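What follows is a short report on a single structure.
The values are calculated or read from the model by the stated rules, or taken from the named source; none is laboratory data. Nothing here was measured: the structure is a model prediction, and the numbers come from that model. Cβ sites come from the backbone with ideal geometry, for glycine too, and all protein chains shown count toward neighbours. In case anyone asks, the SASA skips ligands and DNA or RNA and just uses the protein heavy atoms, side chains included. Shrake-Rupley method; radii C 1.70, N 1.55, O 1.52, S 1.80 Å.
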Amino acid sequence: MSLTVIVKNYLTSYTSDMENGDYIDFMRELAEWATSQADIAEYRAENLDEFNEE
């Protein structure tokens, strides 16, 4: 089972009892967090590549 499937299953279970508004707020917050984590990882990878080229 892929990590994505595990996370999706967990989120489905965790959010199943949420009211619609709470669910929307949670998913937006999660999306912002995930985007920032991806940006950080991308920044680190780019800087590591630049550092290794020097």
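Remarks
- No other residue among 45, 31 is open to solvent by less than 90 Å² (accessible area, probe 1.4 Å), part of a helix (DSSP H, G or I) and either touching a Gly at 6+ places or on another chain (Cβ under 7 Å) or modelled with pLDDT of 95 or more (or both) apart from 31.
- Complete set of residues in the stretch 12-28 that are open to solvent by 100 Å² or more (accessible area, probe 1.4 Å), modelled with pLDDT of 95 or more and part of a helix (DSSP H, G or I): 20, 28
- Tabulated pairs, the stretch 16-45, first aromatic (Phe, Trp, Tyr), second assigned to a helix (DSSP H, G or I) and surrounded by 10 or more Cβ atoms within 10 Å (Cβ to Cβ), C-beta under 9 angstrom, 6+ apart or interchain: 23/15; 26/11; 26/14; 26/15
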